[in-house]
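Here is the structure we will look at, set down as structure tokens.
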């Protein structure tokens, strides 16, 4: 895809604009699909994403408006949160690309980073009650298999697994924690500080959610595929002992078998 | 809708109908987009048709105990060849061209792991 990224960008911007991309669900999904590659390429290479944040702001604003009009619509609320996550991820990619390409110094970086940190924190904690409804959170688990000693993650933590119409929220939380993890790691690199121990805590939380998604018997097939990017990031920050290393290998093999 | 196509392609399009948003790494349902829009475009643009069939063939190959790279690579090669021809020609680039690039990229995100999956499967004895 990277080889054709320029062609893809050219076609997208020729056919659509931030104003027109929000007009139909088909176009909004198209942007989502394109942005997945644009963002990951940017984060991997530290180059700026090919699309500016006006595209993402347009989509987020669209869903936010729709959610206001239909405040009881769970799907719209989830789309609002997911598009917010994309926007924050994009802002993070742009910030670190600017830093990597020496486009500004530390004071300006710290100023923009502060806004990013606050956005990530809000995305984690400011959730509409509609999408944290306890009716769709698992508090007790029946017929559980006792955890094996080599299991690095406990999927049965009460009140943390979303079910029913809130199932996509598991992925949202996973994404936000992944974003927080990447952000804190990159920040430590920029400031030339040691990696904070918090990174391992966040990585373990990602593992917990991954295990819960994999374990949930009513999830759609291939659900863990949507969780693999977060798992890949978490794997870098897990304790470097045999238990966690082998757990990761098993999980990656499991993901690859579902492709 | 696709009964005019060769039997293998028809079968793969049926397999594709059972794939979901998670295979495409979307975080929320996208049934209309993946099962209607994408397929409508694929039926009138061969590079996309072969890209979708490649992905479905790859998916099916993972489920077959004796899956082989050959099962899906021929569709990949056909798609890429036709796409390159389309990009290099003077034809106006369309939504279908863009979708083809995205579909191939989605397959490529999964495929490099094929060898390591095969290795993990044999060495770790990870069950299906």
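The values are calculated or read from the model by the stated rules, or taken from the named source; none is laboratory data. Treat the numbers as computed from the prediction; the structure is a model and nothing was measured. Every residue, glycine as well, gets a Cβ built from its backbone with ideal geometry; the counts of neighbours run over all protein chains shown.
For the range A:139-167, give me each residue that is within 30 Å of residue A:64 (Cα to Cα), buried (at least 18 other Cβ atoms within 10 Å of the Cβ) and modelled with pLDDT under 90.
Residue satisfying the conditions is A:161 alone.
Residue-wise test of (1) out of contact with any helix residue (DSSP H, G or I) (no Cβ under 7 Å at 6 or more places or on another chain); (2) part of a loop (DSSP other than H, G, I, E, B).
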site	(1), (2)
A:149	yes, yes
A:189	yes, no
A:201	yes, no
A:209	no, no
A:220	yes, yes
A:227	no, no
A:233	no, no
A:239	no, yes
A:243	yes, no
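Considering only the range A:212-259, how many residues are within 11 Å of chain B (Cβ to nearest Cβ), surrounded by 20 or more Cβ atoms within 10 Å (Cβ to Cβ), over 18 Å from residue A:171 (Cα atoms) and modelled with pLDDT of 85 or more?
The total comes to 0.
Run residue A:77 past the list (1) under 20 Å from residue A:181 (Cα atoms); (2) assigned to a helix (DSSP H, G or I); (3) touching a residue at least 40 places away in the same chain (Cβ under 8 Å) and report the number of the one that doesn't hold.
Evaluating residue A:77 over (1) under 20 Å from residue A:181 (Cα atoms); (2) assigned to a helix (DSSP H, G or I); (3) touching a residue at least 40 places away in the same chain (Cβ under 8 Å) leaves (1) as the failure.
Take the residues in the range A:13-25 that are closer than 15 Å to residue A:58 by Cα and part of a helix (DSSP H, G or I); name whichever of them is nearest to the other protein chains (Cβ to nearest Cβ).
A:25
For the range A:44-54, does any single residue satisfy the condition of being more than 19 Å from residue A:93 (Cβ to Cβ), out of contact with any helix residue (DSSP H, G or I) (no Cβ under 9 Å at 6 or more places or on another chain), within 14 Å of chain B (Cβ to nearest Cβ) and without any contact (Cβ under 8 Å) to a residue 12 or more places away in the chain?
No, the range A:44-54 has no match at all.
Answer yes or no: is there a residue in the range B:73-93 that is surrounded by 14 or more Cβ atoms within 10 Å (Cβ to Cβ), more than 18 Å from residue B:107 (Cβ to Cβ) and without any contact (Cβ under 8 Å) to a residue 24 or more places away in the chain.
Yes: one or more hits.
Within the range B:74-105, which residues are more than 14 Å from residue B:49 (Cα to Cα) and part of a helix (DSSP H, G or I)?
Passing the criteria: B:84, B:85, B:87, B:88, B:105.
Filtering the range B:18-47 down to residues that are more than 13 Å from chain A (Cβ to nearest Cβ) and part of a helix (DSSP H, G or I), which residue is farthest from residue A:33 (Cα to Cα)?
The residue in question is B:46.
Exactly one of (1) touching a residue at least 12 places away in the same chain (Cβ under 8 Å); (2) surrounded by 14 or more Cβ atoms within 10 Å (Cβ to Cβ); (3) outside any loop (DSSP other than H, G, I, E, B) is unmet by residue A:4. Its number?
Unmet condition: (1).
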